[in-house]
Each structure stands twice: as C-alpha cells, then as structure tokens.
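Visitor: Right, I'll just put the structure down here and ask away after.
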Amino acid sequence: MMETRQLDLVDYLAGISVPPAAAPQINPLDLLPRRPKAWERLVAHVPAEDVRISISTTWTRVVMEQLREDGRGDLLFATGKIRSDDVPPDLIWPEPCRLILMTAASAIRIHERWCLEEAPGTGLTNTFRFAQQHADRTAVSQQLRALAEEQS
C-alpha cells in the first residue's frame, strides 16, 4: 500500500525558487537637469541615444542647451529664453542631437548613475553620450575628474 504524504505549506513555499527582483530600470533622460516646460516640450521627442553632453572649461553658462535637427538650431539660454536659427549644412555638428552644456561635476553625477562614453566624431572635445548600462566607466571617470579639476 502506498503511503500518502502531505507537504507542509511552509516547506512547500520554502522550496519554490523565486527569481531575483529586477532592479528598477532608470531612463537616462531622467538624469538630465530639469528645464523650462517650453524647452522640455521641444526636446521631448529626442531619444537618449541622440543626447550629447558637452563639458567645456570655458563655458560661460549663458547657453544651457542646443537642439540641432532639420536644418534648424534651437538654443536654450540660462534666462529661459529660446531662440531658433537656421543652421548651415556644413556646421561642425552634422547629426541631429540635443546638446547639453554642463559642468564636469554635473556630468560625474550622471556618470555615477548611468555610464557615459565619449561621443565619437562630434568635432567637439569633451563630448559624451549615454553608453550601454554596463560599459567600462574607468576611462571616462578619469577624464571627467580631470575636467572637474580644470574647472575648479
């Protein structure tokens, strides 16, 4: 005769393997500085892969961001004013993008949460873009620290 066994509910639940909870996904765009609503609406369609972060040791903080696309260039000034201009086709920045000007310290805070990498072929030095989440941070971390020292 076959013996029937009852599983204790606690033993049963302890035996169930639970997949590890996935870390909440952050959107790299959520790490960018907040801007006036009119500007946020203007750049809302720009995906993370088209964002460029530029760090200059001579940045005057007058222009905060640029949006370059479709032969047009929009500028966001620190005052909140937005200016639109036609952009010549031979401009140094040929690809459509949202170019954000910031300090190295601000870029370091973003880099700590989402890896940045150098943006190749931009024609501008010290320009970065969002990298794959698990990319190697070492070289960019060193570069950002050196820029931060230069800016201080």
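Visitor: Could you grab me the full set of residues in the range 36-81 that are touching a residue at least 24 places away in the same chain (Cβ under 8 Å), hydrophobic (A, V, I, L, M, F, W, C) and farther than 21 Å from residue 103 by Cα?
Guide: Residues satisfying the conditions are 38, 42, 46.
Visitor: Here is a follow-up. Suppose we filter 38, 78, 44 for residues that are modelled with pLDDT of 95 or more and within 29 Å of residue 152 (Cα to Cα); which single one remains?
Guide: Exactly one residue qualifies, and that residue is 78.
Visitor: Sticking with this one: Of the conditions (1) in contact with a Cys (Cβ under 8 Å, 6 or more places away or on another chain); (2) on the phi > 0 side of the Ramachandran plot; (3) among the polar types (S, T, N, Q), residue 133 satisfies every one except a single condition; which number is it?
Guide: Residue 133 satisfies all of (1) in contact with a Cys (Cβ under 8 Å, 6 or more places away or on another chain); (2) on the phi > 0 side of the Ramachandran plot; (3) among the polar types (S, T, N, Q) except (2).
Visitor: Here's something else I'd like to know. Restricting attention to the range 120-138, which residues are touching a strand residue (DSSP E or B) at 6+ places or on another chain (Cβ under 8 Å) and at pLDDT 90 or above?
Guide: Correct list: 126, 127, 128, 129, 130, 131.
Visitor: Cβ contacts < 9 Å: first residue of a type in the set (D, E, K, R), restricted to the range 128-152; second residue part of a loop (DSSP other than H, G, I, E, B) and surrounded by 17 or more Cβ atoms within 10 Å (Cβ to Cβ), any location; separation 6+ or different chain. Result?
Guide: Partner pairs satisfying both residue conditions: 129/119; 129/122; 136/115; 137/115; 137/131.
Visitor: Moving to a separate point now. Can you name the condition, by its number, that residue 75 falls short on among (1) out of contact with any Lys or Arg (no Cβ under 6 Å at 6 or more places or on another chain); (2) surrounded by 14 or more Cβ atoms within 10 Å (Cβ to Cβ); (3) farther than 22 Å from residue 26 by Cα?
Guide: (1)
Visitor: Against the definition (at pLDDT 95 or above and out of contact with any Ser or Thr (no Cβ under 8 Å at 6 or more places or on another chain)), how does residue 67 come out, yes or no?
Guide: no
Visitor: Across the range 29-43, which residue is nearest to residue 112 (Cα to Cα) among those that are in contact with a helix residue (DSSP H, G or I) (Cβ under 9 Å, 6 or more places away or on another chain) and in a loop (DSSP other than H, G, I, E, B)?
Guide: Only one residue fits best here, namely 32.
Visitor: A further question on this structure: For the range 90-107, what are the residues that are modelled with pLDDT of 80 or more, out of contact with any Phe, Trp or Tyr (no Cβ under 9 Å at 6 or more places or on another chain) and open to solvent by 10 Å² or more (accessible area, probe 1.4 Å)?
Guide: The answer is 96, 98, 105, 106.
The values are calculated or read from the model by the stated rules, or taken from the named source; none is laboratory data. Since the structure is predicted, the reported quantities are computational estimates derived from the model, not experimental observations. So basically every Cβ, Gly included, is an ideal-geometry build from the backbone, and we count neighbours across all protein chains shown. These area figures cover heavy atoms from the full protein model, side chains too; ligands, DNA and RNA do not enter into them. Shrake-Rupley method; radii C 1.70, N 1.55, O 1.52, S 1.80 Å.
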